[in-house]
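**Student:** Mind having a look at this structure? Questions to follow.
The values are calculated or read from the model by the stated rules, or taken from the named source; none is laboratory data. Since this is a predicted model, take the numbers as computed values, not measurements. A quick note on method: Cβ atoms are made from the backbone with ideal geometry, for glycine too, and the neighbour counts reach across all protein chains shown. Side chains included, ligands, DNA and RNA excluded: accessible areas come from the protein's heavy atoms. Shrake-Rupley method; radii C 1.70, N 1.55, O 1.52, S 1.80 Å.
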Amino acid sequence: MLSHQRTEWQQRMHAVLYHHGVPQRRDLLTLDKREWLANLALPTAAREQITTALSVIDALELKLIPFDEELRAYARKQPGCRTLADQIYGVGGLTAVTILAELGEVRRFPNSRDVVRYAGPDITVYQSDGHRAPGHLSRQGPPALRWALYEAAQRARFPASPDRPYYDQLAARIGGNRACLALARKLLKRSYHLLKALGDQALAPVA
């Protein structure tokens, strides 16, 4: 899957930076972060690795554009996706499609705790040679679902989000990384309850 390849190349960038003592940064693909990367003092080999990763990611992005547009159009029509995107701050068309596809028929889970166990508590995306950033847990569950929850949680901690106070309270006590993990789990439970309430409509096909 192209999106998985994109994530893997971002993970490689994080690994290169980690091995050269560069503090972890999020959203390495934004314009300001790319400028920050360009100004880093890195060995030649590391610089080539970063440049190659960015080139591959850019090529993947171009291939993903038509797929993303189709998925967003689908999400606007499909009841389960539309409910997730409309009622959960941080969930958009792409993440809604992914969450619905990976969870499927949620009524097979007795409760939201079982959904969390199925998805796995590990939502973050950075790992290198067994060394983990603070708050990074073991990889379990569907990778695509972890990606969607991670993306949604990143946005759900924006100042305008109704979940921002929850995030701030946890971040002050346990740190931003683990607070983001907790927020992702909260969004997963909320998704479960919304989809369960929809019943058969949650997976209704789009005409």
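**Student:** Mind counting the residues in segment 180-207 that are touching a residue at least 40 places away in the same chain (Cβ under 8 Å) and in contact with a helix residue (DSSP H, G or I) (Cβ under 7 Å, 6 or more places away or on another chain)?
**Tutor:** Adding up the residues that qualify gives 18.
**Student:** Six or more apart or on different chains, Cβ atoms under 7 Å: show the pairs whose first residue is in segment 103-120 and over 14 Å from HIS193 (Cβ atoms) and whose second is modelled with pLDDT of 95 or more and outside any loop (DSSP other than H, G, I, E, B).
**Tutor:** ALA119/LEU188
**Student:** Here's a follow-up. Taking the options LEU94, LEU54, LEU84, name whichever one is under 20 Å from the mean Cα position of the chain (by Cα), open to solvent by less than 20 Å² (accessible area, probe 1.4 Å) and of a type outside the set (Gly, Ala, Ser).
**Tutor:** LEU84
**Student:** Here is a follow-up. From the list HIS14, HIS4, which residue is within 27 Å of LEU195 (Cα to Cα) and touching a residue at least 40 places away in the same chain (Cβ under 8 Å)?
**Tutor:** HIS4
**Student:** Report the residue count in segment 151-192 for those that are surrounded by fewer than 23 Cβ atoms within 10 Å (Cβ to Cβ), in a helix (DSSP H, G or I) and of a type in the set (Ser, Thr, Tyr).
**Tutor:** Of the residues in segment 151-192, 2 are surrounded by fewer than 23 Cβ atoms within 10 Å (Cβ to Cβ), in a helix (DSSP H, G or I) and of a type in the set (Ser, Thr, Tyr).
**Student:** Further question on the same structure: When you scan segment 82-99, do you find a residue that is in a helix (DSSP H, G or I), of a type outside the set (D, E, K, R) and more than 20 Å from ARG155 (Cα to Cα), even just one?
**Tutor:** no
**Student:** Still on this structure, I have one more. Kindly provide the set of residues from segment 1-14 that are within 15 Å of the chain's Cα centre (by Cα), charged (D, E, K, R) and surrounded by fewer than 18 Cβ atoms within 10 Å (Cβ to Cβ), ordered by number.
**Tutor:** GLU8
**Student:** Mind counting the residues in segment 44-55 that are within 13 Å of LEU28 (Cβ to Cβ) and of a type outside the set (S, T, N, Q)?
**Tutor:** Result for segment 44-55: 3.
**Student:** Please list, ordered by first then second residue, the pairs with beta carbon atoms under 6 Å, 6 or more apart or interchain, first in segment 49-65 and without any contact (Cβ under 8 Å) to a residue 60 or more places away in the chain, second of a type in the set (D, E, K, R) and outside any helix (DSSP H, G or I).
**Tutor:** Qualifying pairs under 6 Å: none.
**Student:** Could you go through segment 101-111 and let me know if any residue there is among the small types (Gly, Ala, Ser) and surrounded by fewer than 15 Cβ atoms within 10 Å (Cβ to Cβ).
**Tutor:** Looking through segment 101-111, at least one residue is among the small types (Gly, Ala, Ser) and surrounded by fewer than 15 Cβ atoms within 10 Å (Cβ to Cβ).
**Student:** Of the residues LEU28, LEU17, LEU37, LEU60, which single one is among the hydrophobic types (A, V, I, L, M, F, W, C), outside any helix (DSSP H, G or I), open to solvent by less than 60 Å² (accessible area, probe 1.4 Å) and over 30 Å from GLN201 (Cα atoms)?
**Tutor:** LEU28
**Student:** Does ASP68 satisfy being surrounded by fewer than 13 Cβ atoms within 10 Å (Cβ to Cβ) and either modelled with pLDDT of 95 or more or under 17 Å from the mean Cα position of the chain (by Cα) (or both)?
**Tutor:** Considered against the rule, which asks whether it is surrounded by fewer than 13 Cβ atoms within 10 Å (Cβ to Cβ) and either modelled with pLDDT of 95 or more or under 17 Å from the mean Cα position of the chain (by Cα) (or both), ASP68 comes out as no.
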